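To keep things clear, I will list the structure first and then write my remarks on it.
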Amino acid sequence: MDENEVREQRLQKLQSLREAGVDPYAIERYERTHTCAQITSCFEALENQTVRIAGRMTAHRPKGKVVFADIRDQSGRIQVYVKRDDLGEEAFRRFEDLDIGDILGVEGWVFRTRAGEITIHVTEFVLLAKCIRMLPIGKEKDGVHYSGLHDVETRYRQRYVDMLVNTEVRDVLIKRSLVIQTVREFLMERGYLEVETPVLQVEAGGAAARPFKTHHNALDYDFKLRISLELYLKRLIVGGVERVFEIGRVFRNEGLSTRHNPEFTLLELYEAYSNLEDMMDLVEEMYARVCIAVHGSPCLTVRHRSETGDFQETVVDFSARPWKRLPILEGIERYAGISPDAFKTLESAKRACEQAGIPTEHEHNIGGIIEKLHERFTQPRLIHPTFITDFPVETSPLAKKRPDNPALTRRFEVYVATQELGNAFSEINDPMDQRARFEDQLLQRQAGDEEAHPLDEDFLRALEYAMPPTGGLGVGIDRLVMLMTGQDSIREVIPFPLLRPEKPPG
RNA sequence: GGAUCGUUAGCUCAGUCGGUAGAGCAGCUGACUCUUAAUCAGCGGGUCGUAGGUUCGAGUCCUACACGAUCCA
């Protein structure tokens, strides 16, 4: 019996139900008195009481003139018990005919079976929605799962089935929502204004990434989808909003990996009259708050690759303030053994990088080499929360220069469990400096760097009206959720991750 | 873009040296009035990812392509 035959058979069942005057899609609401989980947790109070629950039938075990079935709702699972002598021949027959996956409303009284399982003894039931496809539901005993749905491609393509069958997927989404809610509350408490800025932009700026292009018909203009939130939020700072944030989807036209989805959720916030150190304080408080919201404690067990390459667990404590701070060049000196002196000229930097075994043919400036060495040598060592500071000027075109060393910037990135989890600057508010940085980016673009920032004349005009000194922060929400839920792939924290279309066009 | 691995029943997976396509679960029929991975008896279910090639013979070997996973760029 293949899948289509099963579907045919269930459609026929549906037809005969309709002929008998029962439309299994006609009912609009069902009044529940409890959730499945409440019945188990409040058993003492509910024993022998009548309750009404609703949910999906995930197992049924007919046993002669009785049937045991499992009903699952969002809260959990409960067993129901149906007896022919109670329901009568006709209703019992209808219950026997139900299929795994059907959605039911059930009324009955609560008792405990001889085997000790809390169960509802059904006095009445109603089919609320018929399932006409086979549900690949697995079985479980003593926490061990048998069968089920594991094929990741099917899981991502048919996420609705994945979630039904693998309930932990839903738990991740719940935690994702909790992370976002906690961030939003945290910022609201501090007087931040939440805004929404344009997704369709003339020039997609604010980050080093290639944009998606789209077309507006009425204006007959090719717009780009945003790659960051930065330049519009700063315009609002110019406009007199002193604390502003946005949690929004951005789009980067790049490859897919366990850490990259072409559309992802970014938090950016800007605070006038604040600097980089204020952003550090904010990050320390905010992450501890998020961790407490998700885990009830600021301590988190993280999984990461050890130096030998296999996985290792470490407990990190977000409340252990202040977090470590490490200038990027000191990190490279410590973990790659390359002296900061090596980065005085492009030639010596390239030489040092090659000696460390990393090719430099695609690197055209010292900053790019520094970041590469950082990613290769320092980043894998950053387990406990750490601020890496003093990023090179060439790769930080929106961050203020250090007054004492214009080759470095007032910028940090946060790392936890070897993952980058935030990027902050004391923002450039000198319009002349900002123009010079954009022009440097244009040179890099002409040299073949397709990810170089575009020059945004209107943004420069805004800066010329004067932007107060401002601290800004960006956080990849998906990666923060990955950290908080212990997921190794970004696709596990996105309900519908991007996949290649199932069938090629044509 | 490159490397490696994978794609067999609805699901999870076996398939030896190239020689008739297998199991468990799910499904169907029957038995069973406290089962719980229910049990027992029986039955059905396959374009072996796609297209070529080698061969008397291909799930198995070769080539290309598709989709996915992991790592690298």
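The values are calculated or read from the model by the stated rules, or taken from the named source; none is laboratory data. For clarity, every value in this text was computed on a predicted model and none was experimentally measured. We place every Cβ from the backbone using ideal geometry, glycine too, and count neighbours over all the protein chains shown. When the accessible area is computed, the model is the full protein with side chains, heavy atoms only, and any ligands, DNA or RNA have been set aside. Shrake-Rupley method; radii C 1.70, N 1.55, O 1.52, S 1.80 Å.
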Looking at the stretch A:122-135 only, could you name the residues that are at pLDDT 95 or above, under 41 Å from the mean Cα position of the chain (by Cα) and over 18 Å from residue A:28 (Cα atoms)?
A:122
Among (1) within 8 Å of RNA strand B (Cβ to nearest atom); (2) touching a helix residue (DSSP H, G or I) at 6+ places or on another chain (Cβ under 9 Å), there is one condition residue A:76 misses while meeting the rest; what is its number?
(1)
Of the residues A:249, A:303, only one is within 21 Å of the chain's Cα centre (by Cα), surrounded by fewer than 16 Cβ atoms within 10 Å (Cβ to Cβ), in the same structural domain as residue A:413 (by TED's automatic domain parsing) and within 16 Å of RNA strand B (Cβ to nearest atom); which?
A:303
Among the residues of the stretch A:151-197, what is the count of those that are open to solvent by 30 Å² or more (accessible area, probe 1.4 Å) and within 16 Å of RNA strand B (Cβ to nearest atom)?
11
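Test of understanding: among A:388, A:338, A:332, which residue is within 30 Å of residue A:232 (Cβ to Cβ) and among the aliphatic types (A, V, I, L, M)? Talk me through it step by step, then tell me what you get.
On the way: A:338 fails: within 30 Å of residue A:232 (Cβ to Cβ); A:332 fails: within 30 Å of residue A:232 (Cβ to Cβ).
Exactly one residue qualifies, and that residue is A:388.
Just the residues that are closer than 27 Å to residue A:296 by Cβ, open to solvent by less than 50 Å² (accessible area, probe 1.4 Å) and touching a strand residue (DSSP E or B) at 6+ places or on another chain (Cβ under 8 Å), please, taken from the stretch A:449-485. If you could, list the steps in order and put the result at the bottom.
Let us first name the residues in the stretch A:449-485 that are closer than 27 Å to residue A:296 by Cβ, namely A:473, A:475-485.
Of the ones still in play, those that are also open to solvent by less than 50 Å² (accessible area, probe 1.4 Å) are A:473, A:475-478, A:480-485.
Result: A:473, A:475, A:476, A:477, A:478, A:480, A:482, A:483, A:484.
Only one of A:33, A:40 is in contact with a Gly (Cβ under 8 Å, 6 or more places away or on another chain), open to solvent by 60 Å² or more (accessible area, probe 1.4 Å), more than 10 Å from RNA strand B (Cβ to nearest atom) and among the polar types (S, T, N, Q). Can you tell me which? Step through it out loud before you land on a result.
Details: A:33 fails: in contact with a Gly (Cβ under 8 Å, 6 or more places away or on another chain).
Within the list A:33, A:40, the selection yields A:40.
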Any residue at all in the stretch A:323-339 that is modelled with pLDDT of 95 or more, among the small types (Gly, Ala, Ser) and touching a Phe, Trp or Tyr at 6+ places or on another chain (Cβ under 6 Å)?
no
Quick check on this structure: which one of A:445, A:410 is assigned by TED's automatic domain parsing to the domain that holds residue A:316 and touching a helix residue (DSSP H, G or I) at 6+ places or on another chain (Cβ under 7 Å)?
A:410
